[in-house]
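Input: a single structure, listed below in structure tokens.
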Amino acid sequence: MQLSSSLYGPPVPAWPDAVPTCLGPSAIVRLAYAGADRADLTRSLVARLQGPLIDPAAQLDLATLLMAQGGDLALEGRILQQNAVRMQRSYQICHGRGTGLRILAFVTPGDFMANTPLDFLLEGSDAVLILHFVDATTQRLDDLPPHDVAFMAIGESPENARTLLVLAGLLAGWRRPIFNNAAALIASLTRDRVSQLLADEASLYAPPTHQLTRDDLAQVLSGLPLSALGQGLRFPLILRPTGSHAGAGMQRITGLPDLAHWLAHSAAASVYVAPFIDYRGADGLYTKQRIVLIKGRAFASHQASSKHWMVHYLNADMAENPARRDAEAAWMQRFDQDFARRHATAFAALYRLVGLDYFGIDCAELPDGRLLVFELDVAMIVHNMDDPAIFPYKQPAMRKLFGGFLAALEAAAQIEAVAVGQKHS
């Protein structure tokens with residue numbers, strides 16, 4: 001799809017609505033996830049961009065639609081998103097009747113993993129989600145729409161580091177309820193620092209992780225011991241390009257020949273390096289769980305099993321494997337009584353050490369009972385878009401997670417309302 005170059009020109013006059021209403025990522029990504037025809041939606045959005053006054057909500061939705069399709073279209077979508085943000089900083093997404101909690105989210109331009117996926121988490125509610133875009137140039141927060149509770153939704157990444165530090169200063173004196181009001185802490189949740197943060201907790205194991213450059217790794221080919229580059233490093237290794245997501249560019253390096261091949265064929269300037277942990281179960285499968293912690297309570301998001309060591313839900317062939325779905329269904333149905341209880345010490349330690357109201361982990365169980373933590377992040381994708389005919393057991397589990405999230409936000413807003421009432425009584 002080619003868009004008119006006029007869309008990439010200077011900002012146009014402001015849209016008359018104070019907070020334009022857009023469809024939002026959840027509704028748009030659901031169409032893409034289901035493989036639905038989006039031609040009519042695309043034509044409708046493009047028509048709303050044909051001046052003389054461009055609808056910024058249509059521009060933001062079209063940006064989301066393009067990014068959901070990937071490839072070159074995703075890049076075009078990022079450009080449209082930047083243009084929309086220059087025109088308008090705040091957008092609202094109405095769930096259900098739109099009569100419920102008003103949640104203000106501080107977000108920054110980027111792809112679907114740049115910010116906490118709040119729109120997906122509010123599915124089934126009547127909440128209004130207000131996206132307020134900020135970046136490293138933001139100087140004040142005095143133009144915010146009315147809201148009941150706020151959420152610092154920007155995730156850790158090299159691209160977001162400066163923005164997070166700016167927000168840490170701007171939110172330092174915040175006096176109203178806000179989830180995850182710890183932007184500097186979120187900025188510090190790099191893979192190497194997370195492994196250090198969790199290193200001394202007996203109920204957890206986060207493999208020692210180090211951020212290294214290509215030149216560092218090249219020294220190993222010249223005879224430098226791996227241990228000289230970081231404590232706990234040994235073959236086989238996992239190399240993950242810094243700033244990458246969803247396994248992009250991730251490689252298992254079994255020895256010097258693999259390392260030489262990687263150096264010759266990868267363009268990554270720096271990588272996170274950790275020892276590979278063989279976490280296969282008795283069935284010979286690698287099984288990985290995604291858990292969300294909300295005010296310290298653990299909720300099941302998904303479980304995937306695969307013969308391959310790099311497990312992602314989309315590449316684990318769950319839809320084609322009834323036995324793996326049965327295992328996930330049993331895990332979800334017994335989560336509170338089994339998995340969460342078995343790892344209660346680990347979850348309590350995570351909440352104590354991390355200290356955030358909301359975050360997620362990807363993990364697995366080790367034979368010795370510890371929880372193996374692969375990743376910890378505030379912006380992990382959590383959704384309820386899988387086909388209910390194939391994954392019927394996911395509906396109650398995700399409703400529980402979403403309900404727990406909304407209840408925690410409502411509790412924070414209620415505390416604020418009571419405080420305000422007492423102040424004026």
Over 10 Å intervals from 0, what percent of Cα-Cα pairs in the range 5-187 sits in each interval? 9, 37, 38, 14, 1
Helix 56-69 versus the longest principal axis of the chain: what angle, 0 to 90°, nearest 10, using Cα atoms? 30
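Assign unit charges at the C-beta atoms only (+1 for Lys and Arg, -1 for Asp and Glu), then state the dipole size of the range 237-301 relative to its Cα centre in Debye, rounded to the nearest 20.
With Lys and Arg at +1 and Asp and Glu at -1, about 380 debye.
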About the Cα centre of the chain, what is the dipole size in debye to 20, counting +1 per Lys and Arg Cβ and -1 per Asp and Glu Cβ, all else neutral? 520
Read-out Cα extents along the principal axes in Å, derived from the coordinates shown; its label in [x] 90, 61, 47; [y] 64, 53, 47; [z] 84, 56, 40: [y]
How long is the range 208-275 along each principal axis, judged by its Cα atoms, biggest number first, in Å? 31, 25, 19
Neighbour counts of other C-beta atoms within 10 Å: give me CYS22, CYS94, CYS363 arranged from fewest to most. CYS94, CYS363, CYS22
Relative contact order (percent) for the chain, with alpha-carbon contacts under 8 angstrom and 6 or more residues of separation? 14
Quick one: 3J(HN,Hα) in Hz for the range 162-171, Karplus 6.51/-1.76/1.60 with θ = phi - 60°, rounded, Gly and Pro as x. 5, 4, 4, 5, 4, 5, 4, x, 5, 9
How do 135-148, 337-350 rank on mean C-beta neighbours within 10 Å, highest first? 337-350, 135-148
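Quick one: compute the contact order of the range 187-320, relative version, from alpha carbon pairs under 8 angstrom and 6+ residues apart, as a percent.
On the way: 191 pairs, mean separation 27.0, N = 134.
Taking the mean separation of contacting Cα pairs over the length of the range 187-320, I get 20 percent.
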Taking the chain as a Gaussian network, where each spring joins two C-alpha atoms under 10 Å apart, which residue of GLN289, GLN251, GLN92 fluctuates the most? GLN251
At most 15 other Cβ atoms within 10 Å and a DSSP loop assignment: could you name the trypsin sites (Lys or Arg not before Pro) in the range 195-266 that fit? ARG234
Could you work out how far the C-alpha centroid of the range 147-220 sits from that of the range 319-373, in angstrom? 22
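Report the relative contact order of the range 199-261, percent, no decimals, based on alpha-carbon pairs under 8 angstrom and at least 6 residues apart.
Working: 48 pairs, mean separation 16.6, N = 63.
Relative CO of the range 199-261 lands at 26 percent.
Quick one: THR21, THR190, fewest Cβ neighbours within 10 Å first, how do they rank? Don't skip to the answer; put the middle values down first.
Working: THR21 13, THR190 18.
Listing THR21, THR190 from fewest to most nearby Cβ atoms yields THR21, THR190.
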25 °C / 0.890 mPa s Stokes-Einstein diffusion coefficient of the range 286-409, Kirkwood radius on C-alpha pairs, µm²/s: 166
Quick one: what are the phi-derived ³J(HN,Hα) couplings along the range 33-43, Karplus 6.51/-1.76/1.60 with θ = phi - 60°, whole Hz, x for glycine and proline? 4, 7, x, 6, 5, 10, 4, 5, 5, 4, 4
A chain fully extended from ARG193 to THR138 at 0.36 nm per residue, minus the present Cα-Cα distance, gains in nm 17.1 nm
Mind checking which of PHE235, PHE391, LEU170 is farthest towards the positive end of the chain's charge dipole, using Cβ charges of +1 (Lys, Arg) and -1 (Asp, Glu) about the Cα centre? LEU170
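The numbers here are math on the coordinates, done by the rules we state, and not lab data. Please read these numbers as outputs of a predicted model, since none were measured by experiment. Don't worry about glycine lacking a Cβ; one is built from the backbone with ideal geometry, like all the others, and counts go over all protein chains shown.
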